[in-house]
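Participant: Structure incoming, see below.
The values are calculated or read from the model by the stated rules, or taken from the named source; none is laboratory data. Remember, predicted model here, so these are calculated numbers, not experimental data. Every residue, glycine among them, receives a Cβ derived from its backbone with ideal geometry; neighbour counts consider all protein chains shown. When the accessible area is computed, the model is the full protein with side chains, heavy atoms only, and any ligands, DNA or RNA have been set aside. Shrake-Rupley method; radii C 1.70, N 1.55, O 1.52, S 1.80 Å.
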Amino acid sequence: MYSIQECLSAVAAGLFALHVLQKLFFPYFWKDVTFLWKIITYGIKLELCKLTSKVVTVVDTFVEQAQRIPDKAFLIYEGVVHTYRDIDERSNRVANVFLKQGTLKKGDCVVLLMNNEPDFVSVWFGLTKVGCTVAFLNTNIKSKSLLHCFNCCGAKTLVVGADLIECLEDILPSLREDNIDVWVMKRENGGCTQVQTLLDQIDFASDRPVPASLRAATSLKTPILYIFTSGTTGLPKAAVITHLQTLKAAAGFWAFGGREDDVVYVPLPLYHSAASMIGIGGTLQLGATCILKKKFSASKFWSDCRKYDVTIFQYIGELCRYLCNQPKAEGERAHKVRMGVGNGLRPDVWRDFHARFGEVRMCELYGSTEGNLCFMNHIGKLGVVGRSNFFYKLLFKYDLVKYDMVREEPVKDARGFCQRVKKGETGLLLSKVSATSPFFGYAGSKQLTERRLLRNVFSSGDAYFNTGDLMAEDKEDFICFKDRVGDTFRWKGENVATTEVTETLGLVGFIQEANVYGVEVPGHEGRAGMAAVIVRLGHEFDGKALFEHVVTDLPAYARPVFIRIQEFIEITGTFKQQKFQLVQSGFDPSTISEPLYVLDYVQKSYVPLTDKVYQSILAGEQKL
């Protein structure tokens with residue numbers, strides 16, 4: 001017989017052995033279990049909405065929070081505090097103004113064209129309380145595109161910020177001809193009879209709640225927003241956003257470990273899904289406080305974080321690089337920021353950010369506004385956009401398939417079906433369209449919706465959402481973003497990933513920022529690599545140093561053939577680099593005023609690209 005002490009010792013030894021084995025072979029087990037449990041419980045909550053036909057929407061949650069914590073700061077904008085009660089009552093005023101007008105009814109669409117400010121949220125929530133769907137417009141939109149946007153979503157009402165009304169002067173007559181009501185967020189119209197002022201009416205409207213039945217939703221699949229995705233070559237597309245998508249997005253901060261006592265810094269434009277659906281939606285889901293900025297300012301970022309005791313910040317695209325490019329200052333680590341949530345953070349910037357500003361937990365996520373799949377890097381591993389596992393794949397069906405860069409289409413087998421890539425290989429990410437992962441497409445165009453789908457992928461009749469992104473999944477189930485299909489190009493028979501080249505150029509001491517793309521060269525197949533770069537302040541372009549760096553760190557086919565020096569790199573409103581115009585302009589020194597250089601293996605340097613050198617390239621006299 002064993003004594004109790006011996007049994008306890010044996011149990012302790014066994015548990016210790018299991019702990020060691022778990023750490024060695026399943027190091028992420030408990031983090032995976034905790035995160036998966038959150039996903040499952042939230043999923044069950046959404047499924048209950050389907051069964052009961054009663055959806056607790058994002059605005060419903062906001063109203064509940066306004067009753068529970070009415071005096072807590074919800075938005076802080078330019079130093080002014082707006083409590084949950086303040087925004088709730090102001091949105092009630094907006095709702096009552098439109099109800100009194102009698103021109104809007106449940107299901108109507110209203111276009112919102114405003115910069116970041118508290119009234120963006122008040123108008124958004126107020127229109128939702130009336131039962132309207134709201135279309136967010138990019139504030140950089142052009143007149144032609146704006147008329148197109150109205151046609152897409154069928155809107156007959158426009159609410160525009162006072163600082164943006166001048167942008168519409170050319171098309172106001174056209175809007176009136178189409179019987180579109182234009183409301184401006186100001187108190188006097190300056191004599192213009194083509195618009196109606198809204199602020200003075202809001203001031204005198206009742207702040208009593210409108211009937212909750214007006215905003216009541218019985219299906220998760222009911223559209224509640226239209227968010228326009230910007231195309232590089234075509235007109236904006238109106239992505240249909242349903243209650244299902246807004247509720248999933250609003251749970252983002254919570255899934256990453258956000259708390260009610262968090263202070264969230266949102267410097268991104270509210271017309272983008274990251275700021276509105278994740279930023280505002282996530283803040284109110286927690287019952288937290290949001291520091292809303294009109295625009296992102298790299299020079300004011302850390303002072304703001306210290307001033308408001310920010311604990312979570314949102315980022316996208318190149319935002320973190322801009323912070324790293326700021327002049328170093330004392331006390332850069334003296335802050336309370338514990339988490340950054342966003343996407344598009346390159347590994348080199350991630351490392352620099354940590355080295356300079358401290359071990360802020362960077363929570364990368366992957367997903368598109370209209371997509372039906374989301375990855376979340378809940379582990380916090382550097383350089384990856386998400387993590388999967390056996391159970392996650394049961395819930396969300398996705399695959400990485402072989403992609404032909406020349407034909408620009410998935411590789412098919414003898415039966416005409418797509419071929420899955422092996423672990424570690426790069427492939428096109430496809431997400432299966434199903435009842436649990438629906439794709440709602442674009443408003444006003446079945447053709448655009450169909451173009452984003454691939455059918456008969458692995459079996460006859462199936463349908464997958466084509467993300468257009470090249471990804472890889474390693475042996476530990478971490479998922480890495482490689483490139484956009486349109487950004488990757490072929491040179492010398494090989495595929496060149498712009499992200500890899502950009503990261504390599506970012507390690508060169510005198511290069512502050514690089515934007516890599518491919519350009520056509522007459523007489524050559526594929527596209528030659530070209531990089532638009534910004535030279536750091538106080539440095540000069542060094543062709544020999546750059547030559548040595550790319551020859552050492554990049555294979556021959558991936559080395560940029562051409563370099564274009566720029567003072568600034570154009571970006572979108574969501575901090576993504578613009579490539580289209582650069583690709584179109586090519587490398588002709590007679591049409592480009594900025595300095596150009598070409599890779600020269602004879603001189604072992606990047607040398608000036610003169611008209612003479614350019615002509616020799618066209619004549620095939622210079623080897624590339």
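Participant: Which one of K482, K544 is in contact with a Leu (Cβ under 6 Å, 6 or more places away or on another chain) and in contact (Cβ under 8 Å) with a residue 24 or more places away in the chain?
Facilitator: Exactly one residue qualifies, and that residue is K482.
Participant: Here's something else I'd like to know. Output the number of the condition that Q566 fails; it satisfies all remaining conditions of (1) more than 23 Å from the chain's Cα centre (by Cα); (2) of a type in the set (S, T, N, Q); (3) open to solvent by less than 70 Å² (accessible area, probe 1.4 Å); (4) modelled with pLDDT under 95.
Facilitator: For Q566, the failing item is (4).
Participant: Can you name the residue in the range 252-284 that is within 14 Å of G340 (Cβ to Cβ) and assigned to a loop (DSSP other than H, G, I, E, B) and is also most open to solvent (accessible area, probe 1.4 Å) among such residues?
Facilitator: Only one residue fits best here, namely G257.
Participant: Can you name the condition, by its number, that Y517 falls short on among (1) closer than 18 Å to F580 by Cα; (2) open to solvent by 10 Å² or more (accessible area, probe 1.4 Å); (3) among the hydroxyl-bearing types (S, T, Y)?
Facilitator: Evaluating Y517 over (1) closer than 18 Å to F580 by Cα; (2) open to solvent by 10 Å² or more (accessible area, probe 1.4 Å); (3) among the hydroxyl-bearing types (S, T, Y) leaves (2) as the failure.
Participant: Taking the condition modelled with pLDDT under 95, in contact with a Leu (Cβ under 8 Å, 6 or more places away or on another chain) and not polar (S, T, N, Q), does I171 pass?
Facilitator: It is true that I171 is modelled with pLDDT under 95, in contact with a Leu (Cβ under 8 Å, 6 or more places away or on another chain) and not polar (S, T, N, Q).
Participant: Name the single residue that is surrounded by the fewest Cβ atoms within 10 Å (Cβ to Cβ) among those in the range 229-251 being without any contact (Cβ under 8 Å) to a residue 60 or more places away in the chain and part of a loop (DSSP other than H, G, I, E, B).
Facilitator: Among them, the one singled out is G234.
Participant: Residue by residue through the range 496-512, note down the ones that are out of contact with any Leu (no Cβ under 9 Å at 6 or more places or on another chain) and not hydroxyl-bearing (S, T, Y). Explain how you work it out, then say what you get.
Facilitator: Just the residues of the range 496-512 that are out of contact with any Leu (no Cβ under 9 Å at 6 or more places or on another chain), to begin with: 496, 498-499, 502-503, 506-507, 509.
Residues satisfying the conditions are V496, E503, G506, L507, G509.
Participant: Would you please list the contacts, defined by Cβ atoms under 7 Å and residues six or more apart or on different chains, that run from a residue in the range 56-68 that is more than 15 Å from L244 (Cβ to Cβ) and of a type in the set (A, V, I, L, M) to a residue that is open to solvent by less than 20 Å² (accessible area, probe 1.4 Å) and assigned to a helix (DSSP H, G or I)?
Facilitator: Note: pairs meeting the criteria are A66/Y84.
Participant: Another question, then. In the range 68-93, how many residues are closer than 17 Å to F204 by Cα, touching a strand residue (DSSP E or B) at 6+ places or on another chain (Cβ under 9 Å) and either open to solvent by 70 Å² or more (accessible area, probe 1.4 Å) or not basic (K, R) (or both)?
Facilitator: Initially, the range 68-93 is screened for residues closer than 17 Å to F204 by Cα, giving 86-93.
Next cut, touching a strand residue (DSSP E or B) at 6+ places or on another chain (Cβ under 9 Å) only: 86-88, 90.
This time we only want the ones that are either open to solvent by 70 Å² or more (accessible area, probe 1.4 Å) or not basic (K, R) (or both), so: 86-88.
Qualifying residue count, the range 68-93: 3.
Participant: Something else about it: Residue check, K54 against (1) open to solvent by 80 Å² or more (accessible area, probe 1.4 Å); (2) over 13 Å from A212 (Cβ atoms), all met but one. Which one?
Facilitator: The failed condition is (2).
Participant: Is it the case that V349 is farther than 22 Å from G252 by Cα, buried (at least 16 other Cβ atoms within 10 Å of the Cβ) and in contact (Cβ under 8 Å) with a residue 60 or more places away in the chain?
Facilitator: Numbers: farther than 22 Å from G252 by Cα: yes; buried (at least 16 other Cβ atoms within 10 Å of the Cβ): yes; in contact (Cβ under 8 Å) with a residue 60 or more places away in the chain: yes.
The answer is yes for V349.
Participant: Checking the conditions here, which among A414, A355 is closer than 29 Å to E513 by Cα and not β-branched (V, I, T)? Quick ask: steps written out before the conclusion?
Facilitator: Details: A414 fails: closer than 29 Å to E513 by Cα.
The unique qualifying residue is A355.
Participant: Condition check: of a type outside the set (K, R) and over 27 Å from the mean Cα position of the chain (by Cα). Does E78 satisfy that?
Facilitator: no
Participant: Among the numbered criteria (1) in contact with a Ser or Thr (Cβ under 8 Å, 6 or more places away or on another chain); (2) touching a residue at least 40 places away in the same chain (Cβ under 8 Å); (3) open to solvent by less than 60 Å² (accessible area, probe 1.4 Å), which one does I592 miss?
Facilitator: Of everything listed in (1) in contact with a Ser or Thr (Cβ under 8 Å, 6 or more places away or on another chain); (2) touching a residue at least 40 places away in the same chain (Cβ under 8 Å); (3) open to solvent by less than 60 Å² (accessible area, probe 1.4 Å), I592 misses just condition (2).
Participant: A further question on this structure: Against the conditions (1) in contact with a Gly (Cβ under 8 Å, 6 or more places away or on another chain); (2) surrounded by 17 or more Cβ atoms within 10 Å (Cβ to Cβ); (3) within 21 Å of L247 (Cβ to Cβ); (4) not aromatic (F, W, Y), where does L400 fall short? Just the number, please.
Facilitator: (3)
Participant: Moving to a separate point now. Has the range 413-423 got any residue that is closer than 21 Å to G461 by Cα, polar (S, T, N, Q) and without any contact (Cβ under 8 Å) to a residue 40 or more places away in the chain?
Facilitator: Within the range 413-423, one or more residues are closer than 21 Å to G461 by Cα, polar (S, T, N, Q) and without any contact (Cβ under 8 Å) to a residue 40 or more places away in the chain.
Participant: Whether any residue in the range 358-365 is part of a loop (DSSP other than H, G, I, E, B), open to solvent by less than 30 Å² (accessible area, probe 1.4 Å) and more than 25 Å from T504 (Cβ to Cβ) is what I want to check.
Facilitator: So far as the range 358-365 goes, yes, one or more of its residues are part of a loop (DSSP other than H, G, I, E, B), open to solvent by less than 30 Å² (accessible area, probe 1.4 Å) and more than 25 Å from T504 (Cβ to Cβ).
Participant: What are the residue pairs meeting all of these: first residue in the range 257-268, first residue of a type in the set (D, E), second residue open to solvent by less than 10 Å² (accessible area, probe 1.4 Å), Cβ atoms under 6 Å, and 6 or more apart or on different chains?
Facilitator: If the second residue must be open to solvent by less than 10 Å² (accessible area, probe 1.4 Å), the pairs left are E260/G287; E260/A288; D262/A288; D262/I312.
Participant: Right, next: Pull out all pairs, ordered by first then second residue, where Cβ-Cβ is under 9 Å, the residues are six or more apart or on different chains, the first lies in the range 122-144 and is at pLDDT below 95, and the second is aromatic (F, W, Y) and open to solvent by 10 Å² or more (accessible area, probe 1.4 Å).
Facilitator: L137/F228; L137/Y271; N138/F228; N138/Y271; T139/Y271; I141/F228
Participant: Separate question: Only one of V501, V508 is in contact (Cβ under 8 Å) with a residue 24 or more places away in the chain, among the β-branched types (V, I, T) and not in a helix (DSSP H, G or I). Can you tell me which?
Facilitator: V508
Participant: I'm told A531 meets every condition in (1) touching a residue at least 60 places away in the same chain (Cβ under 8 Å); (2) buried (at least 20 other Cβ atoms within 10 Å of the Cβ) except one. Can you identify the failing condition by its number?
Facilitator: Condition (1) is where A531 drops out.
Participant: Right, something else. So is G383 touching a helix residue (DSSP H, G or I) at 6+ places or on another chain (Cβ under 8 Å) and in a loop (DSSP other than H, G, I, E, B) or not?
Facilitator: yes
Participant: Now, a different point. Would you mind stating whether K492 is at pLDDT 90 or above and charged (D, E, K, R)?
Facilitator: no
Participant: I've got another one for you. Please go through the range 518-531 and give me each residue that is part of a loop (DSSP other than H, G, I, E, B) and out of contact with any helix residue (DSSP H, G or I) (no Cβ under 8 Å at 6 or more places or on another chain), ordered by number.
Facilitator: Answer for the range 518-531, where residues must be part of a loop (DSSP other than H, G, I, E, B) and out of contact with any helix residue (DSSP H, G or I) (no Cβ under 8 Å at 6 or more places or on another chain): E520, H524, E525, G526, R527.
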